[in-house]
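S.K.: My questions will all concern the structure given below.
Any read-out appearing in this document is the output of simple, stated calculations on the displayed coordinates, not a laboratory observation. Bear in mind the structure is a predicted one, so any value in this text is a computation, not a measurement. Positions of Cβ are backbone-derived with ideal geometry, glycine not excepted, and every protein chain shown enters the neighbour counts.
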Amino acid sequence: MGLSFTRDDDLDAHRSGMLKIHGLDLSELNILPRAECAVVSVQARISGSYNGVPANGTFRFMRTWALDAVSGQWRVIAASSVMVV
């Protein structure tokens, strides 16, 4: 089962309180830097709720970051997450 969310969807879930994270334990952080980008992966054990329903599990998150040539700031340009079973 896969779902796609936009950046705004993700941020709205946090802002609205629909997604609540009660506990977060990070491990297996890997960073692969390149000249103007970096790929980051991390495993996260999360306890929380989504729309009032308990949502607990272990997930692998991956983010691709790129250096914005205009602002000089790092920005996430791609993201994915999967549940680790």
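S.K.: So, counting K/R as plus one and D/E as minus one, what does the shell of residues with Cβ under 15 Å around N30 add up to?
M.R.: Here the count lands on +2.
S.K.: OK, next. Can you tell me the Rg and Dmax of the chain, counting just the alpha carbons, in angstroms?
M.R.: Looking at the chain, its Cα Rg and Dmax stand at 14.4, 42 Å.
S.K.: I want the local charge near A78. Using Cβ-Cβ distances under 11 Å, sum +1 for each Lys or Arg and -1 for each Asp or Glu among the other residues.
M.R.: After counting each charged neighbour, the total is +3.
S.K.: How much net charge surrounds S41 when only the other residues with a Cβ under 14 Å from the Cβ of S41 are counted, with Lys and Arg +1 and Asp and Glu -1?
M.R.: Charge balance near S41 sits at +1.
S.K.: Could you quote the convex hull projected area for region 42-81, Cα atoms only and averaged over all directions, in nm²?
M.R.: 3.8 nm²
S.K.: Can you tell me the 0 to 90 degree angle between the C-alpha axis of helix 7-16 and the longest principal axis of the chain, rounded to 10?
M.R.: 40 degrees
S.K.: F61 to S27: extension gain in nm, 0.36 nm per residue of separation minus the Cα-Cα distance?
M.R.: Result: 11.2 nm gained on full extension.
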